[in-house]
Structure formats: structure tokens, C-alpha cells
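Notes for the one structure printed next.
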Amino acid sequence: MERTLITGGVGFLGSHLCDYFVRKGHEVICMDNLLTGNMENISHLVGHECFSFIKYDVTEFIYVQGHLDNILHFASPASPIDYLNLPIHTLKVGSLGTHKALGLAKEKKARFLLASTSEVYGDPLVHPQKEDYQGNVDPVNPRGVYDEAKRFAEAITMAYHRSHAIDTRIARIFNTYGPKMRLDDGRALPTFMVQALKGEDLTVFGDGSQTRSFCYISDMVEGIYRLLYSGEHLPVNLGNPEEISIVDFATEIIALTGSKSRITCKPLPSHDPKVRQPDITKAKTLLGWTPKVSRKEGLSKTVDYFKKKISEPLNR
Ligand code: UDP
């Protein structure tokens, strides 16, 4: 049985990975400091013989008893509101946290997979984004804390690979959605879902012409799993290339929920990328992976989760 440590395992992506790896027969150790993660995401796994949870801040020296086969490093605030509210934590977990997780990988001779992000491309001048595009990031803009933290994380991951022969992977993760997203993390999808279901106006930032490409969680988890067992050390984009403008996305969510909500425009946050679409040729070729869930199907699965959540007394 493989033993797999998932840092940030209580978060949206991390908790889906905990489920997936337990299902695949791994012993999963989930580590999280609960800064932005919600314990509810893993509560069903607590008590499972192949699952354990350790509340811990990975910016400190990490000790794990016994051997480890894999370390999936997913700890980080990841929504724009979170990393703008927690700029220093974001920089520390991307830098110090990645350093500690790599140190552990070296000690345990474990495979290491870094959760990187499309944010390393910043506000891209090349479209769609391929892995060899070096990005357009302003390090001193408030949004730069996440972008630069992840760029550093990629750099130190490659340095550990080259200097210490650590068996590393880098996943550049594009916008991903599905059940277990936090209702209040300020991202477009949960915000629009909650607004539409409550009959409130949907707050589109700017004129809504900026684009994103949304990947359903089950596709993302499958891509991460395949990447972990590939031999690729350089970054690989993972995401769904189906691109849509944010205003059209808001309109889709209104239609899907049958809501009478309207769209209202709010100022565009500084350095909000104008376009984003992954070129996934590399993932297709290397991993034989391609997203299977269309936005229509993924959104209809996701809306049920949001309906259930907003009916809970605390979220009404
Ligand atoms: N956005 C919006 N209204 C909201 C939240 C977000 O129009 O209430 C926009 C945001 O400015 C961005 C896009 O939706 O252009 C996607 O934002 P999100 O926070 O989901 O993720 P990002 O891709 O920017 O990291």
C-alpha cells in the first residue's frame, strides 16, 4: 500500500484528492493548518483506516513518522480574496512551505507533486497559454504575492530535482470547480451560484469580457493522478480549454438556476487577467488525458451542491 501525504488536504482540491487516493487504495495523510480549508470537506474520511489528519502549518519543519511514497503539495490560499487578505501567509507557504515539503520528499525518497497555477502566466500576452510561455507578472502588485509564491515554488522544485535528484512533478492548474468549493471565497463560480440561488444581482467585474476556462474537479483529479505517475519533471498545464467570457458565464448560471437575478457590473480588480485558456497538448500527449466533463454537465452537478449548502441555516 502506498503512503501519500497531501498538504492542504482539507481545501477544495486537496479534499477531493484525499477521497481519490483513498479510493485508489493509498494510505492518505492529510495535513492542513485550516487557515482557509473547511473540515467538513474531509469529515466523512475521519475514522477511515486508510486516512489520518494532522493539523499543521507546513511552513514549519515537517515531521511524518514512517515511509512516504508520495507528497502532493497543495497547501496555499488559492482564491484571489484569500491571497489578497493573507499576502504574507501566501508567500510563506509558497516559499518556506514548499522548501519544507521538498525537504521531507528528500528525507523519505518520495515522489513530489507541486500544485502550481495558471497564475504563473500572470496577465498573459500569449493565448492560449503553453508551458513554454514565461508569463507577464508584476511582482509588486497585490496579486503578485500568489503568482510570485508559485513561481518561486516551481523554481525550488526544479532546483531540488536537479540538485538532489528528487522525483518531482509540477502541475499548472487552471480554474477548477465543483462540489466542496467554499461559498464565500470570492471566486466567480461560488459567488455567482450563491447570488443566483438567492435571487441577488450577479456581480460581474469590469465589463465581463475577460475570459476563463473552467475544469470540472473529477477531470482535474484524474489529470493530477496521471501526472504523478508520469516521468515528467517540467510543468504540465491541467485544465479544460473550453473558454468563456465572465459575463456569458454569469448568464449561463442564471439560466441554469432558473433565477430572476440580473447582472450588475463592479470595478475590475487590479491585474485581473484578461484572458486565460490552457493549451493542454502536452498533457494530452504525455498523460493520454483530456477533460471529459463539459461545462454544462459540470455546472449541473455543481448547482445541486450549492442548493444544498445555501439551505443550511448558517448560509441562509
Ligand atoms: N469575477 C467577477 N465577479 C465576482 C468574482 C469574480 O466578475 O464576483 C471575475 C474576476 O474578476 C475574474 C473572473 O471572474 O475575471 C474569475 O475570477 P475568479 O476569482 O474565479 O478566479 P481567477 O481566475 O481570477 O483566479
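If the chain linking Leu96 and Asp132 were pulled fully straight, counting 0.36 nm for each residue of separation and taking away their Cα-Cα distance, it would gain 10.4 nm. Scanning residues 5 or more positions from Thr176 or on other chains, those with amide H under 5 Å from its amide H are Cys215, with H placed 1.01 Å from N in the peptide plane.
Dipole of segment 216-266 computed with +1 at Lys/Arg Cβ and -1 at Asp/Glu Cβ about the Cα centre; of Ser230, Gly258, Asn240, farthest Cα towards the positive end is Gly258. Could you tell me whether segment 248-303 comes out rounded, prolate or oblate from its Cα gyration tensor? Rule is a ≥ b ≥ c as square roots of the eigenvalues, rounded for a/c under 1.5, then prolate if a/b exceeds b/c, otherwise oblate. Verdict is oblate for segment 248-303.
Amide H to amide H, with H built 1.01 Å from N, Met31 comes under 5 Å of Ile6, Thr7, Gly8, Gly9, Ile54, counting only residues 5 or more places away or on other chains. Applying 0.36 nm per residue to the separation of Thr264 and Lys307 and subtracting their alpha-carbon distance, the gain on full extension is 13.3 nm. Taking θ as phi - 60° and the Karplus parameters 6.51, -1.76 and 1.60, the scalar couplings of segment 241-253 work out to x, 5, 9, 8, 6, 5, 5, 5, 5, 4, 4, 4, 6 Hz in sequence order, x denoting glycine and proline. Rounded to the nearest 20, the size of the Cβ-charge dipole of segment 1-135 about its Cα centre is 340 debye, with Lys and Arg at +1 and Asp and Glu at -1. Taking the protein heavy atoms of the chain in the context of the full set of protein chains, the accessible area attributed to carbon and sulfur is 54 percent at 1.4 Å. Each residue of segment 275-289 was assigned a 3J(HN,Hα) from its phi angle through the Karplus expression (A = 6.51, B = -1.76, C = 1.60, θ = phi - 60°), giving 9, 7, 7, x, 8, 9, 3, 5, 5, 4, 5, 7, 10, x, 10 Hz with x at Gly and Pro.
Each residue was assigned an accessible area with a 1.4 Å probe, and for Val140 the value is about 130 Å². Among the listed pairs Lys55/Lys260; Lys180/Lys274; Lys100/Lys180; Lys24/Lys198; Lys92/Lys308; Lys198/Lys284, those with a Cα-Cα distance over 32 Å are Lys55/Lys260; Lys24/Lys198; Lys92/Lys308; Lys198/Lys284.
Using a/c under 1.5 as the rounded threshold, could you call segment 1-118 rounded, prolate or oblate? The axes a ≥ b ≥ c are square roots of the C-alpha gyration tensor eigenvalues, and prolate needs a/b larger than b/c, oblate otherwise. It comes out oblate by the Cα gyration axes.
Placing +1 on the Cβ of every Lys and Arg and -1 on the Cβ of every Asp and Glu, with nothing else charged, gives the chain a dipole about its Cα centre of roughly 320 debye. Taking 0.36 nm per residue of sequence separation and subtracting the Cα-Cα distance, how much length would be gained by fully extending the chain between Glu49 and Arg226, in nm to one decimal? Full extension from Glu49 to Arg226 adds 61.2 nm. The alpha carbon centroids of segment 85-109 and segment 224-302 are separated by 26 Å. Annotation: aspartates and glutamates with alpha-carbon distance below 16 angstrom to Lys108 (same-chain offsets under eight excluded): Glu2, Glu27, Asp69, Asp167. Dividing the summed -39500 (n - 2.57) terms of all DSSP H runs of n ≥ 4 by the residue count of the chain sets its mean residue ellipticity at 222 nm at -11000 deg cm²/dmol. Put a plus charge on the Cβ of each Lys and Arg, a minus charge on the Cβ of each Asp and Glu, and nothing anywhere else: the dipole of segment 73-162 about its Cα centre is then about 580 debye.
Does segment 111-159 classify as rounded, prolate or oblate by the C-alpha gyration tensor (a ≥ b ≥ c root eigenvalues; a/c under 1.5 gives rounded; else a/b over b/c gives prolate, otherwise oblate)? It is oblate, given that a/c is not under 1.5 and a/b is not larger than b/c. Per residue, the accessible area of the chain comes to 43 Å², computed with a 1.4 Å probe over protein heavy atoms only. Of the residues Lys296, Lys100, the one with the largest accessible area comes first in the ranking Lys296, Lys100, computed with a 1.4 Å probe on protein heavy atoms.
Restricting segment 42-120 to chymotrypsin sites (Phe, Trp or Tyr not before Pro) that sit in a DSSP loop and have at most 12 other Cβ atoms within 10 Å of their own Cβ leaves Phe61, Tyr63. Using θ = phi - 60° in the Karplus curve 6.51 cos²θ - 1.76 cosθ + 1.60, the 3J(HN,Hα) couplings for segment 265-272 round to 9, 10, x, 6, x, 4, 6, 5 Hz; x is entered for Gly and Pro. Using R0 = 25 Å, the C-beta based FRET efficiency linking Ala159 and Asp69 works out to 0.65. Residues whose amide H comes within less than 5 Å of that of Ile170, counting only those at least five positions distant or on another chain, are Leu114, Val236 (H built at 1.01 Å from N in the peptide plane).
The values are calculated or read from the model by the stated rules, or taken from the named source; none is laboratory data. This one's a predicted model, so the numbers in the text were calculated from it and none came from an experiment. Cβ sites come from the backbone with ideal geometry, for glycine too, and all protein chains shown count toward neighbours. Heads up: the accessible areas ignore ligands, DNA and RNA and are worked out on the full protein's heavy atoms, side chains in. Shrake-Rupley method; radii C 1.70, N 1.55, O 1.52, S 1.80 Å.
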